[in-house]
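Engineer: Dumping the structure here so I can ask a few things about it.
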Amino acid sequence: MLNRIKLLFLATGLLLMVVGVKPVIAKVKADDSSVAPSSSTLARGTSVDGYWSDDAYSWNGWITNGCSFCTGDPSCQCFYSDSTNGSGIFQVNINQYTTMIWSQELDYSTYGLTTSGSLWNACYPASGEGEIDDIGGSAANTLTYATTGQLCVTPDGQNQTYTGSYIIDGGTGLYPDYQGAGTIGDAIYGRLPSEVVSQIQFNGNIVPPAPSPSPLPTPSPWAAVATPTP
Amino acid sequence: MKISLKVVAAALAMALAAMMSNGQPALAKSSKPDVLAKAPPTFLISARGQSNDGIFDDTGETCAYCPPDSENCGCFLSDASNGGTGYFQFNNGAQTPLTWTIEIDYINDGSSQIPTTNDSAVCIPAAGVGTGFQTGGRQVNSFDFETTGQICNTTNGYTTFTGSYIMDEGSGNYANATGSGSLIIGAYGNVDNEAGFMNQVQFTGNLGQ
């Protein structure tokens, strides 16, 4: 009798492992109008050949457009980094991590600098965009994102960190048109000249696209306030 | 004690299933990485702590990056002493005890203040340094970091710091540490508190060599 109970217990455990133990609420079949649950996302990477660029005046008076989001403004500069000869790790929930290829551009305005808290060092408002490609070794799996935040020189004056948030604005393969948001922390070792070592860390979430039309309201601070009709 | 052959068979089947599923939920979509990273690997780290006696020094006298007689420079000081706590987790391993210190400096003049939607609350760019001592194990491993971000008043009179960190150096296992990530501090007090107050710190990021 005891062995039968043990066998039943183990068989139940085996069944649970095969189907995956999920919260009860996860078994509720979603209808077309429901929003899929988001998954946590962790990604990190190293870059060994980052470099700084700007929109500088050249010898003939032309402005060299070195940064994607600078419009001929020499006070705008940028930092490029990618995983070439570096590394990239991508993980969804507690699944096995996979590799990724990544690249990022951060543009910042020296015009908008503020003191960083340590004298003579500055913080700059920054924004940019990036790509995460070849997720899991498959060229089909990609994500793109935009980011905004603040780039600051650290107290020792030699390094920089970027504190920002990201919003996923595109995806393919396993992540078609996925959405998501989270934080980005960049650590940039050293300053000019080039060949800058840097690291990137994403902490956030990812979710399939919401059904269309989106059930979420789109706030518009510039929209005129509707006047109630009597 | 007699063990049924059926029990043994069931246990073996369960172990086999666990190996085949790689210990993942059945919904796992990810594949095992088939491309090895070329650079030395980085590892996920998570650290958190609580301090019971965080304090602001708005005179700047004890702040590492405030010049003497500065009128607008101040700092927030916090550590795990006097009953504070700290935990450090490396690459999803077991949590180990951590002691830590953090200093966040800021210059509070009109030009550096960033207004918020609350008239009495502002954000200020801030930068600082800190050290963590991983006290578990046979040797003490330590890491030094720098951080930059924004320190802000909350609407209810508390303070938060939202920043990123960069690993500088360390000792023991982290002698050549590099890394980045987010550093968040929640302080249950503000610059007007003369006595120490509770605050919490959270690191989420990576660490490499």
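Engineer: Being modelled with pLDDT of 85 or more, among the small types (Gly, Ala, Ser) and either surrounded by 12 or more Cβ atoms within 10 Å (Cβ to Cβ) or assigned to a strand (DSSP E or B) (or both): is that true of B:ALA9 here?
Structural biologist: no
Engineer: Another question, then. Could you check B:ASN173 against (1) assigned to a loop (DSSP other than H, G, I, E, B); (2) open to solvent by 30 Å² or more (accessible area, probe 1.4 Å); (3) more than 14 Å from every other protein chain (Cβ to nearest Cβ) and say which number it fails?
Structural biologist: The one condition B:ASN173 does not meet is (1).
Engineer: Still on this structure, please answer the following. Can you tell me how many residues within the range B:135-155 are closer than 21 Å to B:ILE104 by Cα and either open to solvent by less than 30 Å² (accessible area, probe 1.4 Å) or part of a loop (DSSP other than H, G, I, E, B) (or both)?
Structural biologist: Residues in the range B:135-155 being closer than 21 Å to B:ILE104 by Cα and either open to solvent by less than 30 Å² (accessible area, probe 1.4 Å) or part of a loop (DSSP other than H, G, I, E, B) (or both): 11 in total.
Engineer: Of all residues in the range B:41-71, how many are open to solvent by 10 Å² or more (accessible area, probe 1.4 Å), within 11 Å of chain A (Cβ to nearest Cβ) and farther than 18 Å from B:PHE161 by Cβ?
Structural biologist: Here the count works out to 5.
Engineer: If a residue counts only when it is surrounded by fewer than 19 Cβ atoms within 10 Å (Cβ to Cβ), of a type in the set (Val, Ile, Thr) and touching a strand residue (DSSP E or B) at 6+ places or on another chain (Cβ under 7 Å), which strands (runs of 3 or more DSSP E) contained entirely in the range B:73-118 have at least 2 such residues?
Structural biologist: Once the strands (runs of 3 or more DSSP E) in the range B:73-118 are filtered for at least 2 residues that are surrounded by fewer than 19 Cβ atoms within 10 Å (Cβ to Cβ), of a type in the set (Val, Ile, Thr) and touching a strand residue (DSSP E or B) at 6+ places or on another chain (Cβ under 7 Å), what remains is B:95-107.
Engineer: I'd like to know if the range A:106-129 contains one or more residues that are at pLDDT 95 or above, on the phi < 0 side of the Ramachandran plot and open to solvent by 10 Å² or more (accessible area, probe 1.4 Å).
Structural biologist: Yes, the conditions are met somewhere in the range A:106-129.
For every residue, the table says whether it meets (1) open to solvent by 10 Å² or more (accessible area, probe 1.4 Å); (2) closer than 26 Å to B:GLY149 by Cα.
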site: A:THR64; (1), (2): yes, no
site: A:PHE79; (1), (2): no, yes
site: A:GLY88; (1), (2): no, yes
site: A:ASN93; (1), (2): yes, no
site: A:VAL153; (1), (2): yes, yes
site: A:THR161; (1), (2): no, yes
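Engineer: Next question. Only one of these conditions is not met by A:SER53: (1) open to solvent by 40 Å² or more (accessible area, probe 1.4 Å); (2) touching a residue at least 24 places away in the same chain (Cβ under 8 Å); (3) under 24 Å from the mean Cα position of the chain (by Cα); (4) farther than 18 Å from B:SER180 by Cβ. Which number is it?
Structural biologist: (1)
The values are calculated or read from the model by the stated rules, or taken from the named source; none is laboratory data. Note that the coordinates shown come from a computational prediction; the quantities given were computed from them, not determined experimentally. Counting neighbours? That spans all protein chains shown, and the Cβs are built from the backbone with ideal geometry, glycine included. When the accessible area is computed, the model is the full protein with side chains, heavy atoms only, and any ligands, DNA or RNA have been set aside. Shrake-Rupley method; radii C 1.70, N 1.55, O 1.52, S 1.80 Å.
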